[in-house]
Every structure is written in C-alpha cells, then in structure tokens.
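The numbers here are math on the coordinates, done by the rules we state, and not lab data. Being a predicted model, the structure only gives us computed values, none of them experimental. Using ideal geometry, Cβ is built from the backbone for each residue, glycine included, and neighbour counts are taken over all protein chains shown.
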Amino acid sequence: MKRSKINEVLKNGKINDRILVKAWVRAFRSNRFIQLNDGSCIQNLQAVIDFEKWEEASLKKITTASSISIEGVLVESQGAGQALELLVEKWELLGEAPVDEVQKTILQPKKHSLEFLREQAHLRFRTSTFSAVFRIRHGLAFAIHQFFNEKGFFYLHTPIITGSDAEGAGEMFHVTNFDLEAVPKNKEGKVCFEDDFFGKSVNLTVSGQLEAELGAFGLGQVYTFGPTFRAENSNTSRHLAEFWMIEPEVAFNDLNDNMDLAEEMLQYLCQYILDNYKEDLKFLHERDAQEQLSKPTNERNELGLIERLEFVTKNEFKRITYTEAIDVLMNSNHYKKKKFKYNVEWGTDLQSEHERYLVEKEYKKPVIITNYPVSFKAFYMRKDDNCTADRQTVAAMDILFPGIGEMVGGSQREERLDILKQKLKDFNIHEEELWWYLETRKFGTVPHAGFGLGFERMVMFVTGMTNIRDVIPFPRTPKNAEF
Ligand code: 4AD
Ligand code: MG
C-alpha cells in the first residue's frame, strides 16, 4: 500500500478510507491516542489504538519521538479539534526512542528555551515551531523564484569563490589549499599566492553583485540567490557569518525603478506566505502573541504577526532621503530630550537606534532611506548629479523594517567610466583587480540598478522569530560551526 502524507489525509481524507501513514510519535496518551507528525504540515494526525488487541510490552515501545508505520481506517473523530482520526489495524515500530534519552533532549514535549533548542539544531526540525519556520523558509525561497520568473528575470549563478571584495569592507574568509603549517613565503615574508590553487588570493564571496552586473549587461535583468559569507565579528541577533542573499540587477533601471521593484517583491513575498502557509502562520502568530506578553508593555508589538504581514502588503513604504531623515531625527522630541545615545548630524551614519525610531515611532511602517553620504557606502554606487561639494551623496537605498532594521541594501550603479575610476582611486581599490568590471562601462554602458535582500532577515520578519540563528537550519556565527 502506498504511503499517504498527513497533510493530504487531513485535506482530502474521507471516512472509511483505508490508509498507510509513516510518522514520528509526538505523544501517546492513555495508551490509546497517538499523535502523529510526518513533517508535511503543522497538524498532527491522531491515531486510536485498541490496547486490548496488542501486548502491553509492545505498546510500551510507542514513545514520544519514536517512529511508526500505521495502517488503518479513517473514522469520524470523537475529540474536538480534528474531523478525522485513524483507527489502527496494523502497526510496526520503525525506530525506538528510549524514554530516558528523550528526556535529555528537546524532543521531550514541553516548553524549551530557544538557547536550548539551538544547541540541538540537529533535532529542531521535529518541533512545531521550527518545522513551521523551515516550511515557511522554503515557501519564501520558492516565491522568490516565482516572482522573478513571472517578471522575466534570469536566475544567474554567481561564483562562491572569488578574488573580489564587492563591498570593500574586508570581511572575507580566505580560500586556500596551502598547508597552513607551511605557507610558502617570499624573501619579503609575503605569502606566495601564485603557488596557491588558483594562483592568486581568493575568498568566499561577500556578494554576487559585481558578477550579476555583467549578466545584466547582456541578459537585461538577472537575479542571484546564493550563500554569502562575511567574517564580521558581530555577535548580534541579526548577523550570520554565512547567510543567503537575493540580488536582482536590472539594466536601464534607475533608483526609483529599483525602489519600486524591491517594494513590489517584499509585498509579493508577504502575500505569498499569507495565502499559502495559513496553518504554519497561525501557529507562529500565536507563538508571537505569547512572546509579546513576556515583554515590557512599551516594547510590545502593537500588531500581531499576521497583521504585520498584511500591513506590509497593504501600505506603501515611506521613502525619504538621508538628509530628510537627519532633519526628522533632529526635530524629534526624542532628540530634544537627549534620548539618543549616538550623535545625530549630517555626515554621521545612522545607528540602529535612529533607524528604529524612524521605522517604529515616526512612520510605523517600512522606510526606504536614499541618497546617503558617499563615504558610508560601497564604491559602486552612483554619485548623485545634484549634490553640493560639502554634501556629496550617492544613489543608495536601504529598506528598514520594524523589528529587523536593514532588510535590503541597494543602489543605482555608477555607469560612467571616468567617475567610477576616480571612485576606485578614492576607495584605494586597484583597477587591475576589477578590470573586468570596468570593461562593462566601456562597451555600451547603461544606467542600471539592483539591491540585495538578506534572506534570513526576511524569514525573521515573516515568522516573527527574533534571532537570526532560529531561521537558518545550521547557523554559522563567530565561534560556532557545529553540525
Ligand atoms: O547591504 P549589503 O551589504 O549589500 C550588498 O551586499 C550589495 N552588494 C547588495 C546589492 O546591491 N546587490 O547586504 C544586503 C543585505 C542587507 O540589507 C541585509 O539584509 C543582509 O544582506 N545582510 C546580512 N544578513 C545576515 N547576516 C549578515 N552578516 C548580513 N549582512 C548583510
Ligand atoms: Mg547594507
């Protein structure tokens, strides 16, 4: 007999259907009710076993976390909360789970702290919270491809090993096959990279953008969706050393087109999850509501998780320039009462307290901040045409989300070869390193723009999880690369 998945049984099963399910036992109550979950959905299927029909010793092996195969007939459920239950006719234990061992793990059915759950990342998939998070993570990845496919973009695979530091922040993991105990060095004590595997110094990519730009200069509109690595030593709830990024790049787009595309994409993704992951979302919504209760009243979210997603789909994002943002901050009561820890004036970078103020207090919606001072941003951003000598800005855009901070970073790119070359000089980047990038500006250069969406930050927003380590299956952070 062919195995049915529990989501299909709950959706299409009819009374008297004979079915076979294979699943893990979430709980076994009163020697009679077995809660089964096979990962296909958040709900369990309840199986009912007549304990008089089987030996007590064999029934004792049906424990929480064990795996089981059950054949039986669907009947109307006596209990509340489900329409159908499975009357057991044949069963076979597939894998035992010793009770005393289970008690030491997160598989024991009780509330565990997220820290404890994180230590057992290999078992997290068995919990309701994490299985819901990772189903939604899948849904978002799928929706991203669907969104770009519908718009006629091409998915471009950019390299993971590269010689460039696209963001110029120097936060790279080096890649080598040298024996680290005996790295060849020249007379001056410098590493002989010409003897290394690639004959040059290479690293794990911090962004696929520069290569995506080459793709856009022929294919018109492309996007990347791949792993990204940053050796940033910041142990925060929003940073990973290995994360996934989506980077569209579009020829002929300017900064406004870029904002429109990003806003449309973020709204599409929220709507997709609202439409297709209702049960998982409902569970996470309730989880989030419980968590809000444990916070001080002034830190609680006014909106529930589902309302937060609906809010994004129904409201336009606020768009302001960096210069306007500074004005708003300096005119705020918060500033006048000296409640900001960090200084606010034109020319200082916005700290997360300032971003949070703008998003959560001033506008209460996603905010796109544009046209930042040139020195805060990467070399490739387009110099603004109308800026004054003492206030030089670039066509950058950061999208800030409530509870998350920076969700998207992007810009219109510098397409003018002479200005780009000058920028490289100003940023101390050797032209030879990026000769191939500069070439694009020589042969039919065009205005173009793109952005990067941090995938895990999006999963955080959509699931209501507040630590980025809880939305990626196997987090990599400073001093942590277990599993
Ligand atoms: O703002 P970033 O550094 O922009 C770029 O890398 C550009 N090349 C993108 C582009 O224009 N094509 O990173 C983009 C986004 C951030 O807004 C943030 O959401 C996420 O990537 N991000 C991280 N997410 C998790 N952990 C980290 N360490 C992250 N660093 C950036
Ligand atoms: Mg950024």
I'd like to verify a number: residues in region 267-310 that are surrounded by fewer than 17 Cβ atoms within 10 Å (Cβ to Cβ), of a type in the set (S, T, N, Q) and within 13 Å of VAL462 (Cα to Cα), how many?
2
Filtering region 219-262 down to residues that are of a type in the set (D, E, K, R), under 20 Å from the mean Cα position of the chain (by Cα) and loosely packed, with under 15 Cβ neighbours inside 10 Å yields none
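Please tell me if GLU181 is acidic (Asp, Glu) and either surrounded by 14 or more Cβ atoms within 10 Å (Cβ to Cβ) or within 21 Å of PHE252 (Cα to Cα) (or both).
When the stated conditions are applied, GLU181 does not pass them.
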Examine region 58-65 for a residue that is part of a strand (DSSP E or B) and either of a type in the set (S, T, N, Q) or within 28 Å of LEU281 (Cα to Cα) (or both), and state whether such a residue exists.
no
When region 203-218 is checked residue by residue, the ones that are surrounded by fewer than 20 Cβ atoms within 10 Å (Cβ to Cβ) and in contact with a helix residue (DSSP H, G or I) (Cβ under 9 Å, 6 or more places away or on another chain) are LEU214
Search result, residues across region 408-456 that are out of contact with any His (no Cβ under 6 Å at 6 or more places or on another chain), charged (D, E, K, R) and either in contact (Cβ under 8 Å) with a residue 40 or more places away in the chain or in a helix (DSSP H, G or I) (or both):
ASP418, LYS421, LYS423, LYS425, ASP426, GLU431, GLU432, GLU433, GLU439, ARG441, LYS442, GLU456
Checklist (1) under 30 Å from GLU249 (Cα atoms); (2) in contact (Cβ under 8 Å) with a residue 60 or more places away in the chain applied to ASN149, failing item:
(2)
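Name the single residue that is farthest from ligand 2 (Cβ to nearest atom) among those in region 369-392 being in a strand (DSSP E or B) and surrounded by fewer than 22 Cβ atoms within 10 Å (Cβ to Cβ).
Residues of region 369-392 that are in a strand (DSSP E or B), as a first pass: 369-370, 373, 381, 383, 388, 391.
When the remaining residues are screened for being surrounded by fewer than 22 Cβ atoms within 10 Å (Cβ to Cβ), the result is 373, 383, 388, 391.
Working: PRO373: 14, LYS383: 18, THR388: 25, ARG391: 21 Å.
Step by step, filter region 369-392, then rank; the result is THR388.
Hey, among PHE130, PHE193, which residue is surrounded by 15 or more Cβ atoms within 10 Å (Cβ to Cβ), more than 16 Å from ligand 1 (Cβ to nearest atom) and either hydroxyl-bearing (Ser, Thr, Tyr) or over 30 Å from LYS377 (Cα atoms) (or both)?
On the way: PHE193 fails: either hydroxyl-bearing (Ser, Thr, Tyr) or over 30 Å from LYS377 (Cα atoms) (or both).
Sole residue among the options that is surrounded by 15 or more Cβ atoms within 10 Å (Cβ to Cβ), more than 16 Å from ligand 1 (Cβ to nearest atom) and either hydroxyl-bearing (Ser, Thr, Tyr) or over 30 Å from LYS377 (Cα atoms) (or both): PHE130.
Restricted to region 447-466, and to residues that are more than 28 Å from GLY218 (Cβ to Cβ) and aliphatic (A, V, I, L, M), which residue is nearest to ligand 1 (Cβ to nearest atom)?
Restricting attention to region 447-466, the residues satisfying the condition of being more than 28 Å from GLY218 (Cβ to Cβ) are 456-466.
The next check asks that each one be aliphatic (A, V, I, L, M); those that pass are 458-460, 462, 465.
Numbers: MET458: 8, VAL459: 11, MET460: 10, VAL462: 14, MET465: 13 Å.
That would be MET458.
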